1. Which one of these does residue B:174 not meet: (1) farther than 20 Å from residue B:34 by Cα; (2) out of contact with any Gly (no Cβ under 9 Å at 6 or more places or on another chain); (3) in contact (Cβ under 8 Å) with a residue 40 or more places away in the chain?
2. Among the residues of region A:178-201, is there at least one that is within 14 Å of residue B:190 (Cα to Cα), buried (at least 18 other Cβ atoms within 10 Å of the Cβ) and of a type outside the set (S, T, N, Q)?
3. Go through (1) in contact (Cβ under 8 Å) with a residue 60 or more places away in the chain; (2) at the interface with another protein chain (Cβ under 10 Å from one of its Cβ atoms) for residue A:71 and report which single condition fails.
4. Starting from region A:217-231, take each residue that is under 15 Å from residue A:113 (Cα atoms) and list its partners that are assigned to a helix (DSSP H, G or I) and not β-branched (Val, Ile, Thr), counting only C-beta distances under 6 angstrom and pairs at least six apart or across chains.
5. Check every one of the helices (runs of 4 or more DSSP H) wholly within region A:305-393 and list those with 1 or more residues that are closer than 26 Å to residue A:290 by Cα.
6. Could you grab me the full set of residues in region A:132-152 that are in contact (Cβ under 8 Å) with a residue 40 or more places away in the chain and within 9 Å of chain B (Cβ to nearest Cβ)?
7. Condition first: over 30 Å from the mean Cα position of the chain (by Cα) and of a type in the set (S, T, N, Q). Now tell me which residues in region A:31-57 satisfy that.
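The values are calculated or read from the model by the stated rules, or taken from the named source; none is laboratory data. For clarity, every value in this text was computed on a predicted model and none was experimentally measured. Cβ sites come from the backbone with ideal geometry, for glycine too, and all protein chains shown count toward neighbours.
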Amino acid sequence: MTAKVEVKNLTKIFGRRIPRAQQLLSEGKSKAEILEETGATVGVSRANFSVQDGEIFVIMGLSGSGKSTLIRMINRLIEPTEGEIAIDGEDLMTLDKNGLREVRRKKMSMVFQNFALFPNRTILQNVGYGLEVQGVDQDTRDKKAHDSLELVGLHGYDDQYPQQLSGGMQQRVGLARALANDAEVLLMDEAFSALDPLNRKDMQDELLELQEKMHKTIIFISHDLNEALRIGDRIMIMKDGVIVQTGTPEDILTNPADDYVERFIEDVDRTKVLTVANVMIRPNTVNIDKDGPRIALRRMRDNDISSIYVVDNERRFVGFADADDVAALIQQGNRDLSSVVTKREVPITSPDTPVRDLMDQISSTPVPFAVLDDQKHLVGIIVRGAVLGAIAGNEVTE
Amino acid sequence: MPILMGQLPLADWINALVKWLTQFTGFFNAITNFIGAIVNAFQWVFDLIPQWLFIVLILALTFWATRRGKKWSLLTFELLGLLLIWNLGYWRDMTQTLTLVLTSSLIALVIGIPLGIWMAKSDIVELIMKPVLDLMQTMPAFVYLIPAVAFFGIGMVPGVLASVIFAMPPTVRMTNLGIRQVPADLIEAADSYGSTSWQKLIKVQLPLAKSTLMAGVNQSMMLSLSMVVIASMIGALGLGTQVYFAVGRNDAGSGFTAGIAIVILAIILDRITQALNKGQQHS
């Protein structure tokens, strides 16, 4: 993966006395101090990040955190005070009007919070707008617009007007418009925030589904952490114009950078984001090819457990042995474990299953879940306590 | 008064300016000829159409303009009103007044809309234009007659130009307002997809400003109609002339009948332009 969008030292200061404010900013003064001294407002302060080709990069923050200003600087709807924005290595700040217009036409598309559909144009004309301003002929752009509407699941609305459609459908049109001109970078500004919860979830699913097919580079603004965790490959959290933390959803949840992020993630439904891999612990095992019943029994005794997982030489999962059965074997003088190993009753799952999917079973199953990877290797087990601990927010990295 | 050391010679300055301007006879003659040609063209068409056909055309236009939400009362009013004007013998005066109103509205539109666009695109232009428009509208309309005669002589043309100055401000203002009222996110959308300013204007701003703009055009038309009596004082022919003469003869009867004819014309013009505007909006 390569960096598709690279942002360096991007800064926006609103108001007067901007040079003075810039100087204060470089001296490390805070937003409040600069406002007090110069009356200028720092919208975004020296943002540095890069977005990889084909990833969904979510910029998160509360209102006033500068996230909307930041996304508008990426296509220069808001002119940055200083800094660099490179797309495919080309610095947008050095472009003149015509160059910038070309980039906006070919490389970037934007989806807006309140849809921003043109009320005087039909759905088809709205979706074809980007192509129309490029001078693409009507047949081609109608066809492309139609295809792109099909892609987002809107059939038969071509000749309607935006206000005849529901909010969710209008935003599908907004998305179709962004897809129609084949731009590689999508800027989505709180694209689903104006939708009701059910529609929002549908649109998130739809976006993920589309992304699997299209592999766009998506910069998505949100104030909803659940949304960010759901769709983001990486998340960047902003506060008062400053980037607080950048990382994968797991990074953010398990290692919040500061109190601000911690408070942010406090009320997240962790079961939605945590996968089995996050909560599994290392199992005690015996090797059926090497170890006999005595070793098995000792391990169980040492670890205060009543049963043990059995693997082969390559750590492939074989089954599970109960302490009573193993003790009986020893009394019979039998040195082969295989007769007491059973696969029955052992629930099996995979590392990338969401913890939420296990919630129902975990309370009723008598033995811990065995976590197997694609090659049937036993990579961990899930015990009830670890799941509850993870949901409560305790660290479970072993 | 003793505090006045000497009167400011403002009037003299304006006179000097007007006198200086009158030397550009060629320029003013060209304008006179151009506007005169428009006036003559309108009048020629109106004279060509027989009265009954004219009435049918007006009714047909109204019928088409009000196709959403038909108003039979308006059609009846138009029929009776135009028949009354015909009956009272004011037909030619009515077409002359219509010529004056249409010509000045047309010129107000052609000059006013670009000015309004310019004003919407630049805050500085707006800052300058606002007091100028206020001045144009609040200056007593009679005053425009004086330089108009100096530059363009007597007749329809100075009448048209005085009407244009008086009637243009609403078109300029409403064009400006309509464009500035286009929601910011639509402008952002137009920009983010790489529209040129011209594309943005033609495809987004003007279509969305259209109904506000049309309200301005309607107002301009009504204002220029209100100028017809004043314009008649410098020889612009029409219903205004009839009113003006009636005042001179102290003839209340023909004063009111000509006045009623103006009212009928005003209502017809107002309702048709309003209906045209409504018809263009999507539900």
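1. Unmet for residue B:174, out of (1) farther than 20 Å from residue B:34 by Cα; (2) out of contact with any Gly (no Cβ under 9 Å at 6 or more places or on another chain); (3) in contact (Cβ under 8 Å) with a residue 40 or more places away in the chain: (2).
2. Yes, the conditions are met somewhere in region A:178-201.
3. (2)
4. That search, which allows pairs on different chains as well, returns A:221/A:67; A:222/A:228.
5. On the way: elements: A:323-332, A:359-362, A:384-392.
It comes to A:323-332.
6. Taking region A:132-152 and keeping what is in contact (Cβ under 8 Å) with a residue 40 or more places away in the chain, we get A:134, A:151-152.
Within region A:132-152, A:134 is the sole residue that qualifies.
7. If we filter region A:31-57 for residues that are over 30 Å from the mean Cα position of the chain (by Cα), which is where we start, we get A:32-41.
Scanning region A:31-57 gives A:38, A:41.
Residues checked against (1) closer than 30 Å to residue A:250 by Cβ; (2) of a type outside the set (Ser, Thr, Tyr):
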residue	(1), (2)
A:293	no, yes
A:300	no, yes
A:309	yes, no
A:330	no, yes
A:360	yes, yes
A:372	yes, yes
